[in-house]
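Only one structure is covered here, and it is reproduced in the block below.
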Amino acid sequence: MLKETLSKINVYMDWFLTLKKAYKNYLKVACDLLSNEEETEVILRLNNDKFVWPKLYVKNYAIAINSRFLPDANPIFNVKDNFMEFTINGRRFRIYGFLSNGHIYNEFIDFEYKKLNFKNKVVIDIGANIGDTAIYFAINGARMVYAIEPMPKLFEYLTKNIEYNHINNIIPLNFVISNNENIIKLPNIDVGLDASINSFKDGSVSVKSKRLKTLIEEYGLDNIALKIDCEGCEYDAIFSLDYITFKKIDQIMLEYHYGYYELVRYLTEKGFKVEYTNHKKYKNLRIGFLYAFR
């Protein structure tokens, strides 16, 4: 119990220091976040600009500002147009939508999917968000990346980032991976898909749902490295695959949200060697990472 309490205190202290570096009014910002306020006023330490932001923006701006920038990164943060720029490995990138995803730069220097050997492979990136992972795959040896993002606003950022940075081996796809194929109504907001797509049936934008098996067959894909971070759709994605389709995939890395047991059993039956991390509890979720290799 004491260990768990100390761990929570360390998390709160880390967040406090993160907010302090980003905002002049960090005390108020911290209190608003602890109170679970939907919006809060922020004063940026960088230039004294004031904004009233949703808590998503508040967190992600702070994360971006606190990135572990390398000496030649020369980061730029443009809040008005919602992009950040940085140099990595001698190449300059501009990524739109960083207020929706503050981890962009850290992804490029400490890639969380580095266990995947994706060189010269087809990568299916389910839950591509604004395109940071897809771009990383694309510029570091993937033959082709199929970047799947259902949320309309995030998909706009994804396509804009591909075009602006002149990436020619990413195919952006705007649909939901599911165990059936129909039309789903999603809201036009810049947050990731919730763990239950059913909560978005009253949205304003129509998006198709599609089985992963169908995608692989339609594009004739093979020699696949599969990355899944889709807030709960990983079960539909995996369980919709049959033995023949699985033979086209030799690596899988995914974030699970409702435990790993059924995924491990199913993937083992299909001939994969499976590793996984212990889960962390968050509300009704049990979250961790799973890796499967031929």
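The values are calculated or read from the model by the stated rules, or taken from the named source; none is laboratory data. Here the structure is a predicted model, which means the values were calculated and not measured. All Cβ positions, even for glycine, are placed from backbone atoms using ideal geometry, and neighbour counts span all protein chains on display.
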(request) Answer yes or no as to whether residue 165 is of a type in the set (S, T, N, Q) and at pLDDT 95 or above. (result) yes
(request) Look through 254, 241, 290 and report the one residue that is within 19 Å of the chain's Cα centre (by Cα), aliphatic (A, V, I, L, M) and within 14 Å of residue 212 (Cβ to Cβ). (result) 254
(request) Considering every residue within the stretch 46-62, establish whether at least one is in contact (Cβ under 8 Å) with a residue 40 or more places away in the chain, touching a Lys or Arg at 6+ places or on another chain (Cβ under 8 Å) and surrounded by 13 or more Cβ atoms within 10 Å (Cβ to Cβ). (result) yes
(message) Looking at 91, 68 in this structure, which one is at pLDDT 95 or above and either outside the structural domain of residue 190 (by TED's automatic domain parsing) or buried (at least 17 other Cβ atoms within 10 Å of the Cβ) (or both)?
(response) 91
(request) Check the stretch 127-139 and report whether any residue there is crowded, with 23+ Cβ neighbours inside 10 Å and of a type in the set (Phe, Trp, Tyr). (result) yes
(message) Kindly evaluate residue 149 against the criterion of being in the same structural domain as residue 256 (by TED's automatic domain parsing) and surrounded by fewer than 17 Cβ atoms within 10 Å (Cβ to Cβ).
(response) no
(message) Looking at the stretch 11-53 only, could you name the residues that are more than 19 Å from residue 80 (Cβ to Cβ) and either part of a loop (DSSP other than H, G, I, E, B) or in the same structural domain as residue 189 (by TED's automatic domain parsing) (or both)?
(response) 25, 35, 36, 37, 38
(message) Of everything in the stretch 77-118, what is under 19 Å from residue 157 (Cβ atoms), in a loop (DSSP other than H, G, I, E, B) and of a type in the set (A, V, I, L, M, F, W, C)? Give them in sequence order.
(response) 79
(message) The conditions are (1) more than 18 Å from the chain's Cα centre (by Cα); (2) at pLDDT 95 or above, and residue 173 fails exactly one of them. Which is it?
(response) (1)
(message) Of everything in the stretch 16-60, what is farther than 20 Å from residue 97 by Cβ and either among the hydrophobic types (A, V, I, L, M, F, W, C) or touching a Gly at 6+ places or on another chain (Cβ under 8 Å) (or both)? Give them in sequence order.
(response) 16, 17, 19, 27, 29, 30, 31, 33, 34, 43
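For every residue, the table says whether it meets (1) more than 20 Å from residue 175 (Cβ to Cβ); (2) crowded, with 20+ Cβ neighbours inside 10 Å; (3) modelled with pLDDT of 95 or more; (4) in contact with an Asp or Glu (Cβ under 6 Å, 6 or more places away or on another chain).
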site	(1), (2), (3), (4)
229	no, yes, no, yes
232	no, no, no, no
235	no, no, no, no
246	yes, yes, no, no
255	no, no, no, yes
277	yes, no, no, no
286	yes, no, no, no
292	yes, yes, yes, no
(message) Against the definition (at negative phi, basic (Lys, Arg) and touching a Lys or Arg at 6+ places or on another chain (Cβ under 7 Å)), how does residue 185 come out, yes or no?
(response) yes
